[in-house]
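Report on one structure; see the data block that follows.
Bear in mind that the values in this text are calculations on the coordinates, not laboratory data. These numbers were taken from a predicted model, which means no experiment stands behind them. With ideal geometry, Cβ positions are generated from the backbone for all residues, glycine too; neighbour counts draw on all protein chains shown.
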Amino acid sequence: MSASRAELEAAYLRTQYCARLARGEVILRIGAYDEAADRRLRAEAGVRAHWAILTPCNPQSQLLTAEDNAARLARLAKRLAEARIRVLPSRNRDPQGAWPDEDGFFLCDPPAGAAQSLGREFDQNAIVVGELGQPPRLVWLRD
């Protein structure tokens, strides 16, 4: 996929970012504050202040095989474990079905800059970050 930044941003804005919690998933949307989601993130995920969603799949929006994405997911899981970042499974979902679901991780209270650094390491265009009490936002990792 060779999309412009504007096209990518439009796709990211319509994506549903799903964190898998103990009592089912919570759906997060860029720019949309959800008080009920915040309560669940505190209660079920133990988020104290902030979070991030990161996928290693389809770097730079270039589709990879399921096997390649699975290998990247395993590598990211190992990196997160080494960094002792508490995580839950996540899935990025295009509600229009134009792009395949992407598995990843919901990072609970990651150290400052860690999610951005890992996103760059795994060649992602952007990541989603959030703070309790605020709407999720998109953070671009590439110019």
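By other beta-carbon atoms within 10 Å, ranking Tyr33, Tyr12, Tyr17 with the fewest at the front produces Tyr33, Tyr12, Tyr17.
Taking 0.36 nm per residue of separation and subtracting the Cα-Cα distance, full extension of the segment from Gln16 to Glu44 would add 8.2 nm. Spin-label pair Ile27-Arg75: with each label point 7 Å from Cα along the Cα-Cβ axis, the two points sit 3.2 nm from one another.
Among [x] 16.5; [y] 15.1; [z] 16.1, which is the computed Kirkwood radius over Cα pairs in Å? Structure-derived value, by its label: [y]. For Asp94 and Leu138, the difference between the fully extended length at 0.36 nm per residue and the C-alpha to C-alpha distance is 14.3 nm. Shape of region 72-143 from the C-alpha gyration tensor: rounded (a/c under 1.5, with a ≥ b ≥ c the square roots of its eigenvalues). Assign one of three labels to region 47-103, namely rounded, prolate or oblate, based on the Cα gyration tensor with a ≥ b ≥ c the square roots of its eigenvalues; rounded applies when a/c is under 1.5, prolate when it is not and a/b is larger than b/c, and oblate otherwise. It comes out oblate by the Cα gyration axes.
Helical content alone sets the calculated 222 nm signal of the chain at -10000 deg cm²/dmol, taking -39,500 (n - 2.57) per DSSP H segment of four or more residues and averaging over every residue.
Please return the longest stretch of the chain lacking exposed loop sites, where trypsin sites (Lys or Arg not before Pro) count only if DSSP places them in a loop and at most 13 other Cβ atoms lie within 10 Å.
85-141
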